[in-house]
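Coordinate-derived values only; no laboratory data. Everything numeric in this text was worked out from a predicted model, so none of it was measured. Quick reminder, even Gly has a Cβ in these numbers, built from the backbone with ideal geometry, and neighbours come from all protein chains shown.
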Amino acid sequence: SKIINVSNRYHHMDTKKMASIITTEDALKINESWWGHPWIEKDSSFEGTSSVRLFSMPITENIPALKFACSVLSNGLNSPITRLVREKHGLVYGFYAQTNRYHRQALVMLSGTTADENVTKLVDLVMGLLDKAEDHITEERVEIIRKEYMIEDRMEALERYRNVQRWLTPPEFQVRAIQEKITREEVIRVVKQYMAPEKLTLSIDKKDYGR
């Protein structure tokens, strides 16, 4: 892997600031060392594709609001990201935003897989959406996600003795504390605070398969 200045590598991002870009080309060795299944990388149906991931820095506050914001951005076919990069431009099957917990910290990851020739356009579109979140996140969208979380909360309550994860998740990571009162303005604020282009690291894993 090597870290380079993104403005020198991708001309379409000249007006955007990012922390760094990491490009990993030896997907076969990475896959074998991580999972022990090198045969997965020999599937020619994935030849010529790239896995695109955007990572945040470690986050220790506002995590419930951040999880809610990720759901607003990418849950379902009517989500802002999906409508833009899948329905309108046909670049991916799915591009997802999620938070990953590491003890008392969280990382945001936005990820998807696309053809090599679509990487530039995909990254440009996602970065543009994050930069102008207020143009894509509506009151209606926030209410849809609010209802989803409230329904999920009721379902979890019915299975409270079976759902171990409910008890293992620290309170500061649980969305139920904010799901009824979070506003559109708060969602936009956390997107801009933690998912601004200059605060993200871009990782591109190219599936070269011996080319």
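Descriptive notes on the structure:
- Charge sum, other residues only, whose C-beta stays under 13 Å from Ala65's C-beta, Lys/Arg counted +1 and Asp/Glu -1: +2
- Of Lys88/Lys192; Lys67/Lys206; Lys147/Lys192; Lys88/Lys132; Lys67/Lys199; Lys67/Lys88, pairs whose Cα-Cα distance is over 20 Å: Lys88/Lys192; Lys67/Lys206; Lys147/Lys192; Lys67/Lys88
- Interchain or long-range residues, amide H under 5 Å from Gly94's placed H: Thr113
- Restricting region 136-170 to GluC sites (Glu not before Pro) that sit in a DSSP loop and have at most 11 other Cβ atoms within 10 Å of their own Cβ leaves Glu159.
- Between Asn78 and Lys121, the simple spin-label model (points 7 angstrom out along Cα→Cβ) gives 2.7 nm.
- Residue by residue, region 67-80 carries 3J(HN,Hα) couplings of 4, 4, 5, 4, 5, 4, 6, 9, 6, x, 6, 9, 6, x Hz when phi is fed to the Karplus relation 6.51 cos²θ - 1.76 cosθ + 1.60 (θ = phi - 60°); x denotes Gly or Pro.
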